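Scroll down for the structure; my scribbles are underneath it.
The values are calculated or read from the model by the stated rules, or taken from the named source; none is laboratory data. Keep in mind the model is a prediction, meaning the values are calculated, not measured. So basically every Cβ, Gly included, is an ideal-geometry build from the backbone, and we count neighbours across all protein chains shown. SASA here: full protein model, heavy atoms, side chains in, ligands and nucleic acids out. Shrake-Rupley method; radii C 1.70, N 1.55, O 1.52, S 1.80 Å.
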Amino acid sequence: MSTIKPFKAIRPVADKVARVASHAVERYSASTIQNIIASNPHSFLQVINAGRVYKENYTDQLHAIKSKFEEFRNNHVFEQDKEPCFYIYRQTKDGRSHIGIIALASVEEYEKGTIKIHEQTLAEREKKLKEYLTICDFNAEPVCLTHPYHNDLHLFLTERSKGVPLYNFEADNIQHTVWKVSDAEGLNKIESVFKTIPNLYIADGHHRAASSTLLAREERKRNNSHSGTEAYNFFMAAFFADTELTIFNFDRMVSTLNNHTHESFFKELENNFEITHCGKQVCKPSSAKEISLYTDKQWHLLKIKEHINIGADPVSSLDVSVLSNFILGPILNITDLRNDKRISFIPGVKDIEEIQNNVDTGKMKAAFCLYPISFIELKAVADIDKEMPPKSTWIEPKFESGLLIYSLSC
């Protein structure tokens, strides 16, 4: 049984929504952010970046964000629904359409494992996001939760999405459509369907879910009258069937070869991998069990040798684990992906030129491109209570910040 709870969203007034909603900061270049802030006073980036002048003091940054958010509310950029609602959300991008529900998920179910995780989180980021929640007091971007396809829910969403939408706008070639469900019949239908779903799986937003849990634990200790109904016991989430998600790869770049020359590095690789040298020609993996390597302005395709035992459990057999267990750890001495500053992660939706540029300029020594993990693999890992290495998947749809906001104080 899974809990899904309606809430009173703080959201942009209808005539400003297309100008308010923004991507998460990491999806923009620094120059694009500057251009948007200079040209659009209503962009939610104005809120997110309000603390940028306080570069040395994170607490001051957060207070500035909170203050800017309240300014937006006072200036009627936002309004708040008067009754708890579920919000049907559909996103259309590059010919792909995804539809699901934005609502509240339970921290308690996350702690109990009813909401299952599949990926390790970065401790430093968890802490920073918890501080953000403590001071700013709102969720501006939902955690993406997924579940196996449910026909009754699909039929309900299909029927309700024929109605007049609350919002329908396009930004950056992505179409966003939202419908509000506030009638008793609709609310009951959605809640009853989710009572039949035994588990939810975090598809994207592990750090946001983890930080919400850290916050809830602190608040429980402070609250002598804790009842379980307080706002901090929940976090905003987008509930999407597995058939409504698209999973992309998440690639890795490293800033060290661990004192290896390129010759000695490849000699180590040859112990476990068959190597095809592709030269300047980009060679991305065409299937699982292939890893692309870019270093010294050359592309190479790595295939684990057949006689090498990579393990049969759902985690060790993943390509991200093969990379960690046979290259990053033993050859490059990168064993702590959560905290090691010598490794960075880049989503597979990025242009390949960005990877090449990072290596060619010397900022990075090598890059590894991976084949996307399937939902079946994701679910298999979560169902045995195991975790993938951090940043193993890039899952779409990605949700806009500031489109629907959950207040932790009202």
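Using the Cα gyration tensor of segment 44-116, with a ≥ b ≥ c the square roots of its eigenvalues, what is the shape: rounded (a/c below 1.5), prolate (a/b larger than b/c) or oblate (neither)? Walk me through the numbers before you get to the answer.
Details: a/c = 1.74, a/b = 1.45, b/c = 1.20.
Cα axes put segment 44-116 in the prolate bin.
Any idea what the dipole of the chain comes to, in debye rounded to 20, about its Cα centre with Lys/Arg Cβ at +1 and Asp/Glu Cβ at -1?
Working: 49 positive and 54 negative charges, 115 e Å.
For this selection, approximately 560 debye.
Can you give the accessible area of Glu111, probe radius 1.4 Å, in Å² rounded to 10?
Answer for Glu111: close to 70 Å² accessible.
Note the angle between two axes, namely the Cα long axis of helix 30-39 and the longest principal axis of the Cα atoms of the chain, as a number of degrees from 0 to 90, rounded to the nearest 10.
Relative to the chain, helix 30-39 is tipped by roughly 20 degrees.
Find out how many positive minus negative residues lie around Thr196, taking Lys and Arg as positive, Asp and Glu as negative, among other residues whose Cβ is under 13 Å from that of Thr196.
Its environment carries a net charge of 0.
With every protein chain present, what is the per residue accessible area of segment 23-163 (1.4 Å probe, Å²)? Let's see the in-between values first.
Numbers: 6730 Å² over 141 residues.
Accessible area per residue, segment 23-163: 48 Å².
Given the pairs Lys305/Lys398; Lys130/Lys391; Lys267/Lys303, which are separated by over 25 angstrom at their Cα positions? Don't skip to the answer; put the middle values down first.
Details: Lys305/Lys398 36 Å; Lys130/Lys391 19 Å; Lys267/Lys303 15 Å.
Over 25 Å Cα-Cα: Lys305/Lys398.
Hey, can you find the accessible area per residue of segment 272-339 for me, probe 1.4 Å, expressed in square angstrom? Walk me through the intermediate numbers first.
Values: 3210 Å² over 68 residues.
Accessible area per residue, segment 272-339: 47 Å².
Considering only Tyr89, Tyr132, Tyr149, give the residue with the highest GNM mean-square fluctuation for the chain, with springs between Cα atoms whenever their separation is below 10 Å.
Per the Cα network of the chain with a 10 Å cutoff, Tyr149 tops the list.
What translational D, rounded to a whole number of µm²/s, comes out for segment 1-84 from Stokes-Einstein when the hydrodynamic radius is the Kirkwood one over Cα pairs, at 4 °C and 1.567 mPa s?
Details: Rh = 14.2 Å.
Answer, rounded: 91 µm²/s.
Which listed residue (Ser292, Ala9, Ile343) has the Cα farthest towards the positive end of the charge dipole for the chain, taking +1 on Lys and Arg C-beta and -1 on Asp and Glu C-beta about the Cα centre?
Ala9
Cβ neighbours within 10 Å, averaged per peptide: list 269-280, 369-380, 305-316 in order, most packed at the top.
Numbers: 269-280: 13.8, 369-380: 19.3, 305-316: 12.2.
Highest mean packing first, the order is 369-380, 269-280, 305-316.
Picking from Thr243, Thr158, Thr295, which is most flexible by a Gaussian network model of the chain using Cα springs under 10 Å?
Thr158
Got a number for carbon plus sulfur as a percent of segment 65-145's accessible area, 1.4 Å probe?
Details: 1460 of 3290 Å².
After summing per-atom areas, the C and S share lands at 44 percent.
On C-alpha positions alone, give me the angle between the axis of helix 123-136 and the longest principal axis of the chain, in degrees, nearest 10.
With rounding to tens, the tilt is 20 degrees.
Take peptides 134-141, 283-290 and line them up by average Cβ neighbours within 10 Å, highest first, as a rough protection proxy. Provide the component values of the computation, followed by the final result.
Working: 134-141: 21.1, 283-290: 15.0.
Sorting 134-141, 283-290 by mean packing, highest first, produces 134-141, 283-290.
Just the Kirkwood number for segment 1-145, please: inverse of mean 1/r across all distinct Cα pairs, in Å, one decimal. Display every interim value, and only then the final one.
Values: mean 1/r = 0.0576 Å⁻¹.
With all distinct Cα pairs of segment 1-145 included, I get 17.4 Å.
Considering the convex hull of the alpha carbon atoms of segment 196-326, report its projected area averaged over all viewing directions, in nm², one decimal. Could you put the intermediate results ahead of the total?
Working: hull surface 52.5 nm².
One quarter of the hull surface, i.e. the mean projection, equals 13.1 nm².
More than 12 angstrom separation, counting every C-alpha pair in segment 1-42; what % is that?
Values: 608 of 861 pairs.
Considering segment 1-42, 71 percent of its Cα-Cα pairs are separated by more than 12 Å.
Quick check: with the 1.4 Å probe, what order do Val25, Val20 take by accessible area, largest first? Walk me through the numbers before you get to the answer.
On the way: Val25 50, Val20 0 Å².
Descending order: Val25, Val20.
Give the angle, between 0 and 90 degrees and rounded to the nearest 10, that separates the Cα long axis of helix 184-195 from the longest principal axis of the Cα atoms of the chain.
30
Work the Kirkwood hydrodynamic radius out for segment 117-156: mean of 1/r over every pair of different alpha-carbon atoms, inverted, in Å. It would help to have the intermediate numbers written out before the result.
On the way: mean 1/r = 0.0758 Å⁻¹.
Mean inverse Cα-Cα distance, inverted, gives 13.2 Å.
Could you tell me which of rounded, prolate or oblate describes segment 290-410, using a ≥ b ≥ c as the square roots of the eigenvalues of the alpha-carbon gyration tensor, with rounded for a/c under 1.5 and, failing that, prolate when a/b is larger than b/c and oblate otherwise? Working shown, then result.
On the way: a/c = 1.95, a/b = 1.24, b/c = 1.57.
Oblate, because a/c is 1.5 or more while a/b does not exceed b/c.
Between Ala366, Ala184, Ala210, find the one with the highest GNM mean-square fluctuation for the chain; connect C-alpha pairs within less than 10 Å.
Residue with maximal mean-square fluctuation among Ala366, Ala184, Ala210: Ala184.
Please state the equivalent ellipsoid semi-axes for the chain: what are the square roots of 5 times the Cα gyration tensor eigenvalues, largest first, in whole Å?
Result for the chain: semi-axes of 38, 25, 21 Å.
Please compute the Cα-Cα pair-distance distribution of segment 182-229 with 10 Å bins starting at 0, giving whole percents from short to long.
Whole-percent P(r) values from 0 Å outward: 19, 27, 41, 13.
Quick check on segment 65-212: take the gyration tensor over C-alpha atoms, sort the square-rooted eigenvalues as a ≥ b ≥ c, and tell me if it's rounded (a/c under 1.5), prolate or oblate.
Details: a/c = 1.56, a/b = 1.12, b/c = 1.39.
Because a/c hits 1.5 or more and a/b fails to exceed b/c, segment 65-212 counts as oblate.
Within the accessible area of segment 273-410, what % is carbon and sulfur when the probe is 1.4 Å and the other protein chains stay in place? If you can, show how the numbers build up before the last one.
Details: 2920 of 6020 Å².
Roughly 48 percent of what the probe reaches on segment 273-410 is carbon or sulfur.
Straight-line reach from Lys350: which aspartates and glutamates fall under 20 Å, measuring Cα to Cα and dropping same-chain residues less than 8 apart?
Filter leaves Glu26, Asp94, Asp172, Asp204, Asp251, Glu290, Asp319, Asp360, Glu396, Glu400.
Simple spin-label model, 7 Å along Cα-to-Cβ: Asp340 to Asp15 in nm?
Distance between label points: 5.6 nm.
So how strong a dipole does segment 234-324 carry about its Cα centre when Lys and Arg Cβ are +1 and Asp and Glu Cβ are -1, to the nearest 20 debye?
Numbers: 8 positive and 12 negative charges, 57 e Å.
So the magnitude is around 280 debye.
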